[in-house]
Amino acid sequence: MSIEGRVAVVTGSARNLGRAIAEQLAANGARVVINARSRDKVDEVVAELKAKGYQAHPSYRSVATPEGCAGVIADAVEGFGTVDILVNNAAIITYRLIHEMPDEEWLDVLNTDLTAQFRTTKAALPHMMEKKWGRIVNVSANAAMAGSAHRSHYAAAKGGILAFTKATAKEYGKYGVTANAIAPLVQTDERSAEGEEVPYGALYSHHNQTTRPDLQTFSAAPDTVMPRAHPRDVAPLVAFLASEEAWYITGQVISASGGRWM
């Protein structure tokens with residue numbers, strides 16, 4: 001997967017799937033911008049990548065604001081001179097029934113999970129258009145296609161990502177820019193409606209040991225044929241979509257969900 005020397009921005013990359021994607025891109029030779037609001041967590045990931053001989057640059061911006069979205073791209077240009085690859089991963093989540101959900105909560109999730117992807121893409125596109133090369137990978141979710149009880153705002157945002165991805169692909173293919181989305185189903189830390197962190201597997205009752213001795217995953221649901229994967233199992237898919245070899249793949253939604261039925 002040819003991404004040697006490319007500059008990659010991964011939003012929300014201090015933990016979970018974003019971190020795994022950033023680590024994979026760095027391992028494949030990309031210069032990576034690590035982004036999150038937590039300075040300590042960003043610095044930790046940057047230090048670990050540099051200790052392995054990779055190139056990494058910090059960005060402490062919040063994509064919940066227009067300024068933060070533009071700032072993430074500006075940080076990439078400041079650190080590495082340009083941006084070639086944009087992975088829109090940052091997202092928040094809460095749990096609430098529709099009739100109990102305040103407007104503010106609905107808007108907060110859509111702002112971070114959907115509108116931020118528009119804003120970062122808007123800021124990155126001129127750099128990609130100038131060099132006639134770019135890769136945009138938007139992280140959607142299985143909820144975009146199957147819906148999700150108690151997470152209607154999250155499902156709506158993730159569904160919007162799919163349409164936005166296809167529109168981006170149609171508008172910018174002539175500039176050598178591809179846009180694709182992934183819909184993963186992996187074990188991650190999530191946050192409850194009260195803001196408290198829910199650790200890996202706490203939402204699932206059945207434990208399964210995989211063939212990988214370093215991982216213990218949790219079965220997701222009866223309609224999933226494989227146990228819940230680790231973010232590291234999805235990251236290579238993003239690296240491929242960001243590569244030179246994936247130049248003819250655009251406007252697609254790839255589900256990495258362990259065979260979950262829609």
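The values are calculated or read from the model by the stated rules, or taken from the named source; none is laboratory data. In this text, all values refer to a predicted model and were calculated from it rather than measured experimentally. Quick reminder, even Gly has a Cβ in these numbers, built from the backbone with ideal geometry, and neighbours come from all protein chains shown.
Is it the case that some residue within region 11-21 is in contact with a helix residue (DSSP H, G or I) (Cβ under 9 Å, 6 or more places away or on another chain), at positive phi and touching a residue at least 60 places away in the same chain (Cβ under 8 Å)? Give the derivation first.
So in region 11-21, the residues in contact with a helix residue (DSSP H, G or I) (Cβ under 9 Å, 6 or more places away or on another chain) come out as 11-21.
Then keep just the ones that are at positive phi; that gives 12, 16.
Filter once more, keeping what is touching a residue at least 60 places away in the same chain (Cβ under 8 Å): 12, 16.
The answer is yes, given that some residue of region 11-21 is in contact with a helix residue (DSSP H, G or I) (Cβ under 9 Å, 6 or more places away or on another chain), at positive phi and touching a residue at least 60 places away in the same chain (Cβ under 8 Å).
Residue-level check: of (1) closer than 30 Å to residue 173 by Cβ; (2) in a helix (DSSP H, G or I); (3) in contact (Cβ under 8 Å) with a residue 12 or more places away in the chain; (4) not charged (D, E, K, R), residue 115 misses just (3). For beta carbons closer than 8 Å, sequence separation of 6+ or different chains, a first residue in region 174-190 that is under 24 Å from residue 6 (Cβ atoms) and a second that is at pLDDT 90 or above and aromatic (Phe, Trp, Tyr), the qualifying pairs are 176/133; 176/247; 177/133; 178/247; 179/172.
Does residue 89 qualify as being buried (at least 24 other Cβ atoms within 10 Å of the Cβ), closer than 21 Å to residue 158 by Cα and touching an Asp or Glu at 6+ places or on another chain (Cβ under 8 Å)?
Criteria not met by residue 89.
Where in region 159-262 are there strands (runs of 3 or more DSSP E), lying fully within it, with 3 or more residues that are polar (S, T, N, Q) and at pLDDT 65 or above?
Strands (runs of 3 or more DSSP E) meeting the threshold: none at all.
Let's see how each residue does on (1) buried (at least 19 other Cβ atoms within 10 Å of the Cβ); (2) polar (S, T, N, Q); (3) in contact with a Ser or Thr (Cβ under 7 Å, 6 or more places away or on another chain):
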{"residue": "6", "(1), (2), (3)": "yes, no, no"}
{"residue": "10", "(1), (2), (3)": "yes, no, no"}
{"residue": "43", "(1), (2), (3)": "no, no, no"}
{"residue": "46", "(1), (2), (3)": "yes, no, no"}
{"residue": "51", "(1), (2), (3)": "no, no, no"}
{"residue": "74", "(1), (2), (3)": "no, no, no"}
{"residue": "84", "(1), (2), (3)": "yes, no, no"}
{"residue": "111", "(1), (2), (3)": "no, yes, no"}
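In this structure, residue 60 does not qualify as over 23 Å from residue 110 (Cα atoms), hydroxyl-bearing (Ser, Thr, Tyr) and either modelled with pLDDT of 95 or more or buried (at least 18 other Cβ atoms within 10 Å of the Cβ) (or both). Condition check for residue 79 on (1) under 18 Å from the mean Cα position of the chain (by Cα); (2) at pLDDT 95 or above; (3) more than 25 Å from residue 247 (Cβ to Cβ): one failure, at (1). In the set (1) more than 14 Å from residue 72 (Cα to Cα); (2) crowded, with 23+ Cβ neighbours inside 10 Å; (3) not aromatic (Phe, Trp, Tyr), the condition left unmet by residue 55 is number (2).
In contact (Cβ under 8 Å) with a residue 24 or more places away in the chain, closer than 27 Å to residue 245 by Cα and either not in a helix (DSSP H, G or I) or not charged (D, E, K, R) (or both): is that true of residue 110 in this structure? It would help to see each step written out before you state the result.
Values: in contact (Cβ under 8 Å) with a residue 24 or more places away in the chain: yes; closer than 27 Å to residue 245 by Cα: no; either not in a helix (DSSP H, G or I) or not charged (D, E, K, R) (or both): yes.
When the stated conditions are applied, residue 110 does not pass them.
Suppose we filter region 5-51 for residues that are in a loop (DSSP other than H, G, I, E, B), over 11 Å from residue 90 (Cβ atoms), at pLDDT 95 or above and of a type outside the set (D, E, K, R); how many remain? Reasoning before the result, please.
Keep residues of region 5-51 that are in a loop (DSSP other than H, G, I, E, B), which gives 5-6, 11-15, 28-30, 36-38.
Subset that is over 11 Å from residue 90 (Cβ atoms): 5-6, 28-30, 38.
Narrowing the set further to residues that are at pLDDT 95 or above leaves 5-6, 28-30.
From the residues that got through so far, the ones that are of a type outside the set (D, E, K, R) too are 5, 28-30.
Matching residues across region 5-51 total 4.
Would you confirm whether or not region 54-64 contains a residue that is closer than 21 Å to residue 155 by Cα and touching a residue at least 24 places away in the same chain (Cβ under 8 Å)? Yes, there is a match, as at least one residue in region 54-64 is closer than 21 Å to residue 155 by Cα and touching a residue at least 24 places away in the same chain (Cβ under 8 Å). Residues that are crowded, with 23+ Cβ neighbours inside 10 Å and under 20 Å from residue 229 (Cβ atoms) within region 15-34 comprise 17, 18, 19, 20, 21, 22, 23, 24, 25, listed in sequence order.
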